[in-house]
Amino acid sequence: MTPVPHSVGLNRPQRQLPPGACDSHMHIFDPRFAPSPHWPRTPPDAPVAAYRLLQQRLGTSRAVVVTPSTYGTDNACTLDALDQLGDSARGVAVVAQDVTDAELARLAARRVRGLRVNFVSPQSWGETTPDMLATLARKVAEHPACAGWHIQIFVHPEQLIELVPQLQTLPVPLVIDHLGRIDPAQGPAAQAYGVVRRLLDGGNTWVKLSGAYMRSTVHGPSYADTLPLGQALVQAAPDRLVWGSDWPHTTETPGTVNDADLVDLLQAWSASDAAMDRILVDNPARLYGFDSAA
């Protein structure tokens, strides 16, 4: 098997994935597109051709391309990736709060299905505020071209706790990145998990089962300390979870992440093959507007 850039190992997942399986959080970095002047690091070389090798290895056929903070509010790299990947891909864009209706319509026409609001990484506009979150959610809710869109947030657990009154009243669906960055040592006992659980119970929130390595102290392949947290989420809301590889793993030391292990971790979190298939196929089809047919 051809090695996949930014993914160690050659093994496939233990379980063959179902048709229509979706990687609901990944990034494309292409040297044809310059990073934003605010970004402090040189981005990896992770173009669509390299990502296709990962799809072949894992057995996924759908993808959600998320604009990384590296490019600021320039979504050109993501849109180019969507063009290359075709109808099997959807996008999540990054925009400033003064984004125009015309720009939102342009993004919608290119298969973008949500906006990411990042409270963790450096942003080209400076500090991300709750007012920005509210403004973008309102613009999405009011724009006809954005029907079915969501707001995706990347937050520290303490920020999630502070934002909960606002998050409970968002006029569009909410997607929480990377397990809410909840400390796996605390797992379901964490205060932030209680917040996530209340949001899930409210019926308007989704969680991305991704980025387990961000807080895990048990390095791959097992990330065993995340099992109580992941299993609790699957038990709580199996119909509003999606899985993502987070390839090319820019938060981690190069050469440390095996994406097949991350699929196996999802299997360990899932109560059954049926639950795993729902997370990989049915849920992303609803959230991102994929056709039901694989």
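The values are calculated or read from the model by the stated rules, or taken from the named source; none is laboratory data. Note that the structure is a prediction, hence the values are computed from the model and not measured. Here Cβ is always computed from backbone atoms with ideal geometry, including for glycine, and neighbour counts include all displayed protein chains. Protein only, heavy atoms only, side chains kept; ligands, DNA and RNA dropped before computing areas. Shrake-Rupley method; radii C 1.70, N 1.55, O 1.52, S 1.80 Å.
Would you confirm, using the coordinates I've provided, whether P31 is within 29 Å of G126 (Cα to Cα), open to solvent by 10 Å² or more (accessible area, probe 1.4 Å) and free of Cβ contacts under 8 Å to residues at least 40 places away in the same chain? In short, yes. Scanning the range 70-88 for residues that are open to solvent by less than 30 Å² (accessible area, probe 1.4 Å) and under 16 Å from F29 (Cα atoms) gives T70, Y71, G72, N75, C77, T78, L79, A81, L82, L85.
Listed by first and then second residue, the pairs with beta-carbon distance under 8 Å, at least 6 apart or on different chains, first residue in the range 267-289 and modelled with pLDDT under 95, second part of a helix (DSSP H, G or I), are A271/Q231; A271/V234; A271/Q235. Would you pick out the residues in the range 165-186 that are open to solvent by less than 20 Å² (accessible area, probe 1.4 Å) and assigned to a helix (DSSP H, G or I)? Within the range 165-186, L167, H178, L179, G180 qualify. Residues of the range 138-155 being touching a strand residue (DSSP E or B) at 6+ places or on another chain (Cβ under 8 Å), of a type in the set (A, V, I, L, M) and assigned to a loop (DSSP other than H, G, I, E, B), which ones? Hit for the range 138-155 is V155, nothing else.
Scanning the range 69-128 for residues that are among the small types (G, A, S), in contact (Cβ under 8 Å) with a residue 40 or more places away in the chain and in a loop (DSSP other than H, G, I, E, B) yields G72, S121, S124.
Does E158 count as surrounded by fewer than 23 Cβ atoms within 10 Å (Cβ to Cβ) and part of a helix (DSSP H, G or I)? Against the criterion (surrounded by fewer than 23 Cβ atoms within 10 Å (Cβ to Cβ) and part of a helix (DSSP H, G or I)), E158 qualifies. Against the conditions (1) free of Cβ contacts under 8 Å to residues at least 40 places away in the same chain; (2) assigned to a strand (DSSP E or B); (3) of a type outside the set (A, V, I, L, M), K208 satisfies every one except (1).
Consider Q97 carefully, then state whether it is modelled with pLDDT of 95 or more, touching a helix residue (DSSP H, G or I) at 6+ places or on another chain (Cβ under 6 Å) and polar (S, T, N, Q). Steps first, answer last, please.
On the way: modelled with pLDDT of 95 or more: yes; touching a helix residue (DSSP H, G or I) at 6+ places or on another chain (Cβ under 6 Å): yes; polar (S, T, N, Q): yes.
Yes; evaluated as a whole, the condition is true for this residue.
Of everything listed in (1) assigned to a helix (DSSP H, G or I); (2) open to solvent by 10 Å² or more (accessible area, probe 1.4 Å); (3) not small (G, A, S), the single unmet condition for H38 is (1).
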